[in-house]
Amino acid sequence: MADHDTPGTGATPGSGGDQFGLGKILSDIKIPGVDLQAILASQQKNLNALAEANRAALAGAQAIAQKQAEHIRQAVTEAAEAAKAATTSPAAKEFATHQVELTKQALDKAVSHLQEVADIAAKAHAQVTETVNKRVAEGLEELRALLKSK
């Protein structure tokens, strides 16, 4: 019978619970003036914040990859349409003028797409930074409170 719970903890792997039984181990250790349970809880919050930051970073990377794939598909479609249009132009001069305009449009779109991807990356980075900074500040406050209480 496969049991997914870590023995003695009642937590499933990846649930953010006490996966390794540290709570039990720390409860048996007594150090005067040190609340090991509070330290463990604080560190668990740090791990949860790191996991949240990783999820945000992954979501940002996925959004960037999706946007890049979308832009590549669009560029290929537009290039095929431009090639088809170029073969139907009646005169070379008209063809050259048409090519210059298509190139300008393609460059304008590329710049716009790069800005969009940069905006997605910046948003993901800001979200990750905010999550980590918030947890660091909370961790420092928790540590101060722990030290004051002793």
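Laboratory data are not the source of any read-out in this text; all were calculated from the coordinates shown. Quick caveat: nothing in here was measured; it's all calculated off a predicted structure. Cβ atoms come from the backbone with ideal geometry, glycine included; neighbour counts cover every protein chain shown.
Which entries of Lys45/Lys148; Lys45/Lys67; Lys84/Lys104 show an alpha-carbon separation above 28 angstrom in the structure shown? The partial results should precede the final answer.
Numbers: Lys45/Lys148 20 Å; Lys45/Lys67 33 Å; Lys84/Lys104 18 Å.
Beyond 28 Å: Lys45/Lys67.
Ordered by packing density, taken as the mean number of other Cβ atoms within 10 Å over each peptide's residues, highest first, how do 100-106, 117-123 rank? Show your work: numbers first, answer last.
Working: 100-106: 12.1, 117-123: 14.0.
With the highest mean Cβ count within 10 Å placed first, the list reads 117-123, 100-106.
In Å, the Kirkwood hydrodynamic radius of region 32-149 over pairs of distinct alpha carbons?
Values: mean 1/r = 0.0539 Å⁻¹.
When all Cα pairs of region 32-149 are included, the Kirkwood radius is 18.5 Å.
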